[in-house]
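Take a look at the structure below.
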Amino acid sequence: MATPSPTPPAELPASASAPPPGVGPAEDTPRAMFDLQLEQTQLKAERLRALVIAIAATVYALNLSLVSSLYPGMGAELLGRQLHPRSIVLSAFLFAAYEFVLRAYLGRTLRSGKPLRRPIRYLNALVETSTPTFVLWWLAQGLDPQQVLLTAVPYIYFLFILLSTLRMNLRLSIFTGAVAAIEYLTTAYIFRRQPPTVPLGMLLTAWPPHFMKALFFLTGGCLAGFVGHQIRKGIAETFRQLAERRQIVDLFGKHVSPAVVDKLLQQGADLGSEVRHVCVMFLDIRGFTRFSEQRPPEEVVHYLNTLFEGLIASINRHGGIVNKFLGDGFMAVFGAPIGDGQECKNAVACALEMVAQIQALVDAGAIPPTRVGIGLHAGPAVTGNVGSTSRKEYTIIGDVVNLASRVESLNKDIGSTVLVTDAVWQAAGGALPGGIPPAVDHGPVAVRGREAPVRLFQLA
């Protein structure tokens, strides 16, 4: 005779519907996850762009220091007495420091998983693109304003516009180009209205200005190649991730949760054969054969889709995967291919949640009155890919699978809905949440195909 079980020492999680650690919320749709990955990729590109600009500014400062040391008179001839090359070098180093600080900030934002706010993106684009304008006005303090327009400084606009492609944002690139165009035209208009005070021939015949322009051309070519290479790498990485994701989905079926797929991609999990401790669930719809005989096929398919949609979502939330569909039921596994060590608790919580979901669908009139049988057993199993080179499937092999199937079928004899073995009950921890009555201990029960009886607990 069935007797209530003693109160075990531990308890299940406070909410049967709460996702286990490491499993994302139900709203982690593919679209949302794609947007998150795109934002992360953009932040990585922004960090790279900041590093490139910082290195370019440093190289420019070092180059100017070298040229001014080799030609000491260049400052007096080209910059006037009021300016000195060392001040330009210092400004370049300060700008490089700004970019290094920006890169550190972007790195912290990337690690936090939060998106970079749009005003910060535009403010940074404005600051960077305005740098050549600042240099033009600064040089005009020691040079004739019209001479300043003939220097290599306006070519810096071109470099910032080129590097804006790493932001991977059409509006930001257009904004960068518009800022450069407006600021340069405004500066040129103001400078050209002032009459020249010295001949312009010096800037046209002296070789350092032409050398700097050539250096900017060379830098522009290098940056264009670098940007193209980064875009190619990004596309290749995207295709690689899509191929890996498609391979994982093909192995586990279309109903594996995005959170599981992403965790496998992050861990680079080896899907070869291995022994894992798993909890196997079998679910079967009672009276489905008679139900399907009395209704047209399209109504049967609609019924199954309505029923399975919520059940599969519950399995995903609790860190499991649907391994096989069996027509009027399915086999799910918790603890493989990834797990958190709480596979039995997660499976029990999921089973109870699914029973409540089915009753809610029936009460709402979404499906006709439905009874199911759910069986759970836990133990070691061999997990991995089984099949040929052209077709493989992720499979769970072991006695744990056979016994879980036998336990599920015993629901018919006992008149229960959820049966678990002693291994699951002890690992799950006992007292059930939400005021559900304690489990019924059916004691050792004979199981078809096994010599030794198995102790079973009825949870619903």
Next on the checklist: For the range 44-63, give me each residue that is open to solvent by less than 10 Å² (accessible area, probe 1.4 Å) and within 21 Å of the chain's Cα centre (by Cα).
Outcome noted: Glu46
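Kindly indicate whether Leu159 is farther than 18 Å from Glu39 by Cα, in contact (Cβ under 8 Å) with a residue 24 or more places away in the chain and not in a loop (DSSP other than H, G, I, E, B). Please lay out each step first, then the result.
On the way: farther than 18 Å from Glu39 by Cα: yes; in contact (Cβ under 8 Å) with a residue 24 or more places away in the chain: yes; not in a loop (DSSP other than H, G, I, E, B): yes.
Yes; evaluated as a whole, the condition is true for this residue.
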Next on the checklist: Every residue in the range 393-415 that is assigned to a loop (DSSP other than H, G, I, E, B) and on the phi < 0 side of the Ramachandran plot, please.
Outcome noted: none
Checklist entry - Taking the condition farther than 27 Å from Leu62 by Cα and at pLDDT 75 or above, does Ile156 pass? => result no
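Could you tell me whether any residue of the range 188-197 is of a type in the set (Phe, Trp, Tyr), open to solvent by less than 30 Å² (accessible area, probe 1.4 Å) and either at pLDDT below 80 or farther than 20 Å from Ala92 by Cβ (or both)? Steps first, answer last, please.
Taking the range 188-197 first, the residues of a type in the set (Phe, Trp, Tyr) are 189, 191.
Filter once more, so that each one left must be open to solvent by less than 30 Å² (accessible area, probe 1.4 Å): 191.
Among the residues that remain, those that are also either at pLDDT below 80 or farther than 20 Å from Ala92 by Cβ (or both) are: 191.
There is at least one residue in the range 188-197 that is of a type in the set (Phe, Trp, Tyr), open to solvent by less than 30 Å² (accessible area, probe 1.4 Å) and either at pLDDT below 80 or farther than 20 Å from Ala92 by Cβ (or both).
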Checklist entry - Counting only residues that are over 18 Å from Val52 (Cα atoms) and in contact with an Asp or Glu (Cβ under 9 Å, 6 or more places away or on another chain), which one in the range 116-165 is surrounded by the fewest Cβ atoms within 10 Å (Cβ to Cβ)? => result Leu116
Checklist entry - Within the range 166-180, which residues are touching a residue at least 12 places away in the same chain (Cβ under 8 Å), open to solvent by 50 Å² or more (accessible area, probe 1.4 Å) and in a helix (DSSP H, G or I)? => result Phe175
Checklist entry - Taking the stated definitions as given, is Phe330 closer than 21 Å to Phe288 by Cα, aromatic (Phe, Trp, Tyr) and out of contact with any helix residue (DSSP H, G or I) (no Cβ under 8 Å at 6 or more places or on another chain)? => result no
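The values are calculated or read from the model by the stated rules, or taken from the named source; none is laboratory data. The structure displayed is predicted, hence computed values, not measured ones. Every residue, glycine among them, receives a Cβ derived from its backbone with ideal geometry; neighbour counts consider all protein chains shown. Surface areas here come from the heavy atoms of the whole protein model, side chains and all, with no ligands, DNA or RNA. Shrake-Rupley method; radii C 1.70, N 1.55, O 1.52, S 1.80 Å.
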